Structures are given as structure tokens and as C-alpha cells.
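Student: Sharing a structure here in C-alpha cells format.
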Amino acid sequence: MNFFEFKDSQLYAEDVKVTDLAKEFGTPLYVYSKATIERHLNAFENALASKKHLTCFAVKSCSNLAVLNLLAKLGAGFDIVSEGELRRVIAAGGDPKKVVFSGVGKTEAEIEYALSVGINCLNIESEEEIDAVIKVAKKLNVVAPVALRVNPGVDPKTHPYISTGLKNNKFGVSEEIALELYQRLAKEPCLKVSGIDCHIGSQMTDAAPIIEASEKIVNLYQKLLALGIKVDHIDMGGGLGVTYDKEVPPQPLDYYAPILEKLSGYDVALYIEPGRAMIANSSVLLAKVLYQKNNGDKHFVITDTGMNDMIRPALYGAYMTIENAVDHKDVAPVVCDVVGPICESDDFLGKERSLKVKNGDILAVRGAGAYGSSMSSTYNTRRLPCEVMVDGKNATVIKKRQSFEDIWKDECILN
């Protein structure tokens, strides 16, 4: 559930009309709902309440400091994939001891920084990365908490670009060699075998793949116990899907119940890494209609908001619900492509949409919180959008719109 609802033909963010926000702060504009973020985190916390656990928000999905700070205050942990994301978490008041660090390409400098601030766990994704962690741990004279990211070969039945658990994906180590590698880790004095990590993909709307993956991970856990290797947590990653169109994903309580059942009786914590399911529907992206035109049978609604502000439709062919912030009663609907100002043919927010629209209207792109702002760019030298957080009747800027000079401030002209 979220707090973006129509009242008297006007779309509200909690208790504020989004058209008022667009008028005050301009467009493109990301609008977040504080109450929705809180509700979503509570849904995950309640789902795992019967087990020792850590809910690690996937920072890559939305890295705004205000969002991270809110989640940190609510007790969340964080899943990060770079030193920059770790520094963001710390700048936002997050606890490094609640941070897990994934990613196939960690540099030695990143590993050193992570160990120096005392993160919860490094999720190792290759045999050669083991050598790098050992080298850095010895240099710092610390014991590094580590897990192997195990690739269970499970098809998440999602978009191929966001599938991560198959053998042709770059992530993790195969389950065939995981047991051997864990025995190697356990023999290293500078390493602490802390967990088993697994993440098979994103936008999963069926629990069957994660249940299959958890069976394989629990089987590995049991084999480790038999060898005298006891980990303190099992990390089943993120991936729970959201409703962009007609999807009906399970609720967190139903999604994780089978996993909790498999872990009952074992003294091991459950870690999860939700990103999209936590933040997607906590935000809308507002776009202003500039012009309309017909090219033969094709009708275009041209907005001031493009693929630089929201790249998911162009990158993945992702469907995102688009609504007019005002439900016109006197306008006939038109089937149209909603496009932006970028000089690319794949610059669109949605295709073949039925909308009742007038020039100057504000369109709301639903589900914009995940991989919207965090993947935005200044392509075509367009400024990064403003972002606001709504809390009841109040709206606070949590990211200022760039000045044009901000875009090139780090560039230099040759003498």
C-alpha cells in the first residue's frame, strides 16, 4: 500500500496535492511519501519478527541521504555495492555494523575502507576475491567477516537484465564449489566465516524461485554444520516484486514464511536485502505536459521529463503506470505515447497509454522510487531533478535541482 491517492479528482501525496508540489518546486520532480516508506519497512520487520534478522535496504535502488537517514532511524541495515554507497550510508547516520557489502568488482581500496569502518559482512563473489580480502585483512591486522555469495542456478522468471541467480550470470560462485571454498575460508585466521549469501534476481512476483533457492542454501548450511563450520546468518537477498501494472506479488509475510519454516530450529539469523519492494511505490515522478502532436496514426504527449530522469522504460522496456494528476471530466481519452525531450528515439515514459490530457497538465509516473533518481543522469546537459519528501501536510526538499553550472563544475578547459 502507499499514500498516493485521488481525492475529489486530484492526486494527493499524503495530505498534499501533487499539482501544488509541481507548482512550488517545478518539474521533473520526485515526490516521496514518508508514511509509505515507514509502512513498507514495518511490513518486512513484522514478517521476520519470529526470527533474529536484519533488514538491509538495497542502497542502489534509491540512495538519497534523507531516505537512508529515515531508514537508519527506523533501525534498518543496508546492502551496498560500492565504497561510495557505504560512505553515503555513514553520512546519513547508518551503522556500518548493519551493512553488508556485495558486488563482483570490489577493489582492494574498497575492501580496506569497508573493513576499517567495521561493516557487518563482505559478500565474496569469486575465488580471486578471497585472495584480495585476505591480503587486505592481513594488512590491517583485522579479522574480516565474510560470506560467499552462492549462485544456486535458480531461474527467478524475471527480466533477463535483472536475473542474477543463473550460471550464465556474473554474480556469485557456483553451488558446486561453494562447500570447498567455505572449507578454505574456515582455515584462514584472518577471516571469520559469518554467513551464506544468495540473491537470484529482482522484480519476482512468485515465491517459488526464492523457496527453491532457500532449499539449496539450507542444504549447504547443513553440510557446513556437519563439517563444524557454523555461520551466524543466511542472507537470502532481495528481489520481491511490486505492482507496476497488473502484477500481484505476495506480501512479505507470505513471501518469507516458507523460508522461516525451513530455518526453524536452527540458531541462525535471516538477512534480507529489499530495495524495489521497499521504495518503488513510495515515490512518484511528476512531469509537465508541454505539447501534443500527431504523426499519422500516432499521438504523442510531449513532457519535460525524459529518459535521463527515468531510464527504466528505455533500458528494460519497463512498464510504469502513468496518471494525470487531475481527473478531467470534460476531456476525452486519447491513446498516446508519453515521451520526453531527449534526443533519442527510445526516450519515452510509456507507450500506447489511454490518457485524458491537456497541455500544462501534470502527469504522475507511479512506482518511481526504485532505480529512478539513482539511475538519473545529466544527458543532453539536463539538470538532475528536484526531490521532495512529504510528511502529512509538509513537503521538504531532500535534493535541490541542479544549477546548470553544477553540471560542469568539475570540468576543466585546456590552457
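Student: Counting just the residues of region 356-388 that are out of contact with any strand residue (DSSP E or B) (no Cβ under 6 Å at 6 or more places or on another chain) and not in a loop (DSSP other than H, G, I, E, B), which one comes out nearest to Y316 (Cα to Cα)?
Tutor: For region 356-388, the residue satisfying everything is M375.
Student: Considering (1) within 20 Å of G372 (Cα to Cα); (2) touching a residue at least 60 places away in the same chain (Cβ under 8 Å); (3) surrounded by fewer than 19 Cβ atoms within 10 Å (Cβ to Cβ), say which one T36 fails and leave the rest.
Tutor: Of (1) within 20 Å of G372 (Cα to Cα); (2) touching a residue at least 60 places away in the same chain (Cβ under 8 Å); (3) surrounded by fewer than 19 Cβ atoms within 10 Å (Cβ to Cβ), only one is false for T36: (3).
Student: Only one of K223, K216, K230 is farther than 23 Å from F101 by Cα and among the basic types (K, R). Can you tell me which?
Tutor: K223
Student: Right, another one. Does region 187-208 contain any residue that is in a helix (DSSP H, G or I) and at pLDDT below 95?
Tutor: Yes, region 187-208 contains at least one residue that is in a helix (DSSP H, G or I) and at pLDDT below 95.
Student: Among all residue pairs at least 6 apart or on different chains, which show Cβ distances below 6 Å where the first residue, located in region 43-70, is under 22 Å from I234 (Cα atoms) and the second is surrounded by fewer than 17 Cβ atoms within 10 Å (Cβ to Cβ)?
Tutor: Here the result reads A47/L253, each pair linking region 43-70 to a residue that is surrounded by fewer than 17 Cβ atoms within 10 Å (Cβ to Cβ).
Student: Mind checking whether some residue in region 37-50 is aliphatic (A, V, I, L, M) and under 15 Å from the mean Cα position of the chain (by Cα)?
Tutor: yes
Student: So is A287 more than 16 Å from F44 (Cβ to Cβ), surrounded by 19 or more Cβ atoms within 10 Å (Cβ to Cβ) and touching a residue at least 60 places away in the same chain (Cβ under 8 Å) or not?
Tutor: In short, yes.
Table: residues versus (1) part of a loop (DSSP other than H, G, I, E, B); (2) under 21 Å from I217 (Cα atoms); (3) modelled with pLDDT of 95 or more.
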| residue | (1), (2), (3) |
| --- | --- |
| A132 | no, no, yes |
| V136 | no, no, yes |
| A147 | no, yes, yes |
| D155 | yes, yes, no |
| K167 | yes, yes, no |
| I177 | no, yes, no |
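The values are calculated or read from the model by the stated rules, or taken from the named source; none is laboratory data. Nothing here was measured: the structure is a model prediction, and the numbers come from that model. As a convention, Cβ positions derive from the backbone with ideal geometry for all residues, glycine included, and neighbour counts pool all protein chains shown.
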